[in-house]
Amino acid sequence: MAKESAKKKTKGPEYIRIKYNAHRPYDWSTGKYLGKVYAEAKENKKLVGNRCPQCKDIWLPPTPVCPKCKIDMGWDWVELPQTGTLYQYTYLVYPLWDPHYGEKWANPYPSAVILLDNGVFYRHWLEETDKEKLKTGMRLQAVWKEDYDERGQGVQDILYFRTIEE
Ligand SMILES: [Zn+2]
């Protein structure tokens, strides 16, 4: 008996595998602050953040309490510029896998940190997928989903940032 259990340990546990491919639509409340971002994106194709009354830092995603000053942010909203400069980027060498569905992630766009023209850092996708053409410092502009009915996903209503010549 003892011999048998020792043998089992060296083999390791047997895993039960369950095929999991459920479609799970659900609704959730954005809340007051994120709701403002979603509404401005959907209705006006505007990117907004909230500004601290003390340090004047702008936050996107917005926050009810300034992480630096630890005070109530109030309700001071700032429209962020939709142009900026590429600060950092990364591109896919190997595909990412969706952990929920076990499929390749469809998004082919490089992920970037963009320094918006008012000095706020913002993370989004780049339209340019040719890594030879990606250069920090290049100028970028937000490209929105044009169809009103397709918007409603907050900052994801911006498809990507497009390279622009100035
Ligand atoms: Zn502050």
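The values are calculated or read from the model by the stated rules, or taken from the named source; none is laboratory data. What you see is a predicted model, and the numbers here were worked out from it, not measured in a lab. Methodologically, a virtual Cβ is constructed for each residue, glycine included, from the backbone with ideal geometry; neighbour enumeration extends over all protein chains shown. Ligands, DNA and RNA are excluded from the accessible area calculation, which covers all protein heavy atoms including side chains. Shrake-Rupley method; radii C 1.70, N 1.55, O 1.52, S 1.80 Å.
Among the residues in segment 58-69, are any more than 16 Å from the ligand (Cβ to nearest atom), more than 17 Å from the chain's Cα centre (by Cα) and open to solvent by 90 Å² or more (accessible area, probe 1.4 Å)?
Checked segment 58-69: no residue is more than 16 Å from the ligand (Cβ to nearest atom), more than 17 Å from the chain's Cα centre (by Cα) and open to solvent by 90 Å² or more (accessible area, probe 1.4 Å).
Per-residue answers, yes or no, for (1) part of a strand (DSSP E or B); (2) closer than 30 Å to Lys19 by Cβ; (3) open to solvent by 60 Å² or more (accessible area, probe 1.4 Å):
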position	(1), (2), (3)
Tyr87	yes, no, yes
Leu92	no, yes, yes
Pro95	no, yes, no
Arg123	yes, no, yes
Glu132	no, no, yes
Gly152	no, no, no
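Check whether at least one residue in segment 107-118 is closer than 18 Å to Val155 by Cα and either small (Gly, Ala, Ser) or within 15 Å of the ligand (Cβ to nearest atom) (or both), and report yes or no. So that I can check it myself, show each step before the final result.
Step one: of segment 107-118, the residues closer than 18 Å to Val155 by Cα are 107-118.
So of that shortlist, the ones also either small (Gly, Ala, Ser) or within 15 Å of the ligand (Cβ to nearest atom) (or both) come out as 111-112.
Scanning segment 107-118, I find at least one residue that is closer than 18 Å to Val155 by Cα and either small (Gly, Ala, Ser) or within 15 Å of the ligand (Cβ to nearest atom) (or both), so the answer is yes.
Please list, ordered by first then second residue, the pairs with beta carbon atoms under 6 Å, 6 or more apart or interchain, first in segment 25-51 and among the aliphatic types (A, V, I, L, M) and modelled with pLDDT under 95, second open to solvent by 40 Å² or more (accessible area, probe 1.4 Å) and not in a helix (DSSP H, G or I).
Filtered contacts from segment 25-51: no entries.
Answer yes or no as to whether Met73 is at pLDDT 95 or above and farther than 18 Å from Ile164 by Cβ.
Yes; evaluated as a whole, the condition is true for this residue.
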